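Structure first, commentary second.
The values are calculated or read from the model by the stated rules, or taken from the named source; none is laboratory data. Treat the numbers as computed from the prediction; the structure is a model and nothing was measured. Ligands, DNA and RNA are excluded from the accessible area calculation, which covers all protein heavy atoms including side chains. Shrake-Rupley method; radii C 1.70, N 1.55, O 1.52, S 1.80 Å.
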Amino acid sequence: LLPKPSCDEFITMDMLEKIGADLAGANRPPVASLGSAHEATYAAKFLRLISIYSEKGYRFVNGSAVGNPPRSIIGLLDRARIIGASSHRALELEAQLAQSALHMYEGRSF
């Protein structure tokens with residue numbers, strides 16, 4: 001098997017804050033100048049991929065909180081999943097997959 005790629009350039013608080021802001025915009029209409037359900041879909045997919053392909057990324061994302069006041073990434077994903085269930089199927093699916101990726105290794109050591 002090939003080794004997992006390095007995701008160090010994506011594992012920064014600044015990047016996580018931006019991803020969190022996109023997830024927080026899940027309920028905005030697509031014409032909003034801030035993040036909307038479309039951006040939230042890509043944000044959820046990014047979190048899933050970085051959690052699956054990087055152990056360091058998984059540890060960094062899992063349990064992190066972003067924004068002011070701080071909101072957990074898991075909580076933002078749950079909110080995005082619920083919003084997606086009513087209005088954006090791709091968002092619902094990507095948020096659910098990201099949640100699964102973050103819970104998949106919970107309690108296990110690498």
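Once the 1.4 Å probe is applied to the protein heavy atoms, the range 43-110 comes out at 53 Å² accessible per residue.
Projection of the Cα convex hull of the range 36-109, averaged over all directions and equal to a quarter of that hull's surface, yields 4.7 nm².
Straightening the chain between D78 and K56 buys 5.7 nm, computed as 0.36 nm per residue apart minus the Cα-Cα spacing.
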